[in-house]
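Heads up, the thing below is written out as structure tokens.
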Amino acid sequence: AVVSTQSTGESLGILQCDDITDRGIERIIRTCKLRTLEAGGVLNLRTPTIQNLVQYCSSTLTFLCLDGGNLGDDSLRVLSGLKTLHHLELQYCDEFTCHGLKSLQNLRSLTSLKLSRCYDLTSECLHHLLSSLKRVTRLHLNDCLGLDDQGLVDLSELSPQLQYLELSQSYSHSLTDVGIAAVLSGCPQLVSLKLKGLKRVHSFVTLLPVLNCPKLRYLYLGGCHNIPTYFLEVVAAYFPHLTLLGHYAVRVEPAHFVMAFREGKDDDLID
């Protein structure tokens, strides 16, 4: 096990541990007014742990990361009592349904939400959540297979304050240019956009960040193989302030002919 704590007892991190159970975590919760609990590597957590968090830490806990493998909708309904949460990360959310996920709408202080392998998160469910979570500026949705372009259209309308957005799809390809274009048009505060494995995103969409998102500084397109490399090189040349990572998560170098044109080097263009 890898365990880290602060001397104040307000922060607890447990990583890479299969042996810690609810009982061990509960003893800590009852003796420390935790502000931060990072337990993404604890695989044996169940609803009683969440109940103890609500009972003993509901007025202090602001950061929570959990493995959702043994948690279900009942756990989410209890978790919604943590009204002071600013950051919530739930990994391996295979057992959560849309009905349970809607309970998260009560966490109105959230500014950061990360969900991975949340297979039952539909566009309708995301709409329901974002209608209430008006403070969220960081949103990570990884392998949320029920999400489609309509969900991103709704996101662009409900969360124009977004600054960081991550979307990945390893097993589904329901997100296309339509949804990404809506996000880029409707979220002008974006600083970072990470798209991973979106096979139905094509070249034109890469121009939109700088046209509609003047604050964008980081664009990741790993696994988006339908965007031609030369197109990315043109974008990198015209917008040098943008850190642009292409198909294989390698930084894209600016296109030589564009740089020459911008610098007025006619000889280079002829060559």
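The values are calculated or read from the model by the stated rules, or taken from the named source; none is laboratory data. All values derive from a computational prediction rather than experimental measurement. Neighbour counts are summed over all protein chains in view; Cβ atoms, including those assigned to glycine, are modelled from backbone coordinates with ideal geometry. Only protein heavy atoms, including side chains, enter the accessible area calculation; ligands, DNA and RNA are left aside. Shrake-Rupley method; radii C 1.70, N 1.55, O 1.52, S 1.80 Å.
Among the residues of the stretch 251-259, are any within 26 Å of H173 (Cα to Cα), at pLDDT 90 or above and over 18 Å from the mean Cα position of the chain (by Cα)? Yes, the stretch 251-259 contains a residue that is within 26 Å of H173 (Cα to Cα), at pLDDT 90 or above and over 18 Å from the mean Cα position of the chain (by Cα).
For the stretch 94-119, filtering for residues that are under 19 Å from G40 (Cβ atoms) and among the charged types (D, E, K, R) leaves 4. If you filter the stretch 35-54 down to residues that are of a type in the set (A, V, I, L, M, F, W, C) and closer than 14 Å to L66 by Cα, you find that the one that is surrounded by the fewest Cβ atoms within 10 Å (Cβ to Cβ) is L43. Whenever a residue of the stretch 122-144 is closer than 17 Å to N106 by Cβ, its partners that are of a type in the set (G, A, S), lying with C-beta atoms within less than 6 angstrom and at least six residues away or across chains, give the pairs L126/G151; L130/S159.
Going by the conditions given, is G72 modelled with pLDDT of 85 or more, open to solvent by less than 40 Å² (accessible area, probe 1.4 Å) and more than 15 Å from L85 (Cβ to Cβ)? Yes. In the stretch 154-182, the residues that are without any contact (Cβ under 8 Å) to a residue 60 or more places away in the chain form Cβ pairs under 6 Å with partners that are of a type in the set (D, E, K, R) and outside any loop (DSSP other than H, G, I, E, B), at six or more places apart or across chains, as follows: Y164/R138; E166/K194; S168/K196; H173/R200; T176/D149; T176/R200; V178/D149; G179/D149.
For the stretch 84-96, a residue qualifies if it is open to solvent by 50 Å² or more (accessible area, probe 1.4 Å) and modelled with pLDDT of 95 or more, and exactly one does: H86.
If I filter the stretch 224-249 down to residues being farther than 16 Å from I180 by Cβ and in a helix (DSSP H, G or I), which single residue comes out as most open to solvent (accessible area, probe 1.4 Å)? By that ranking, first place goes to Y230.
For the stretch 120-134, indicate whether the set of residues that are touching a strand residue (DSSP E or B) at 6+ places or on another chain (Cβ under 7 Å) and among the acidic types (D, E) is non-empty. Taking every residue of the stretch 120-134 in turn, none turns out to be touching a strand residue (DSSP E or B) at 6+ places or on another chain (Cβ under 7 Å) and among the acidic types (D, E).
Quickly run through the stretch 19-34 and pick out the residues that are in a strand (DSSP E or B) and either among the hydroxyl-bearing types (S, T, Y) or open to solvent by 60 Å² or more (accessible area, probe 1.4 Å) (or both). Selection gives D19, T21.
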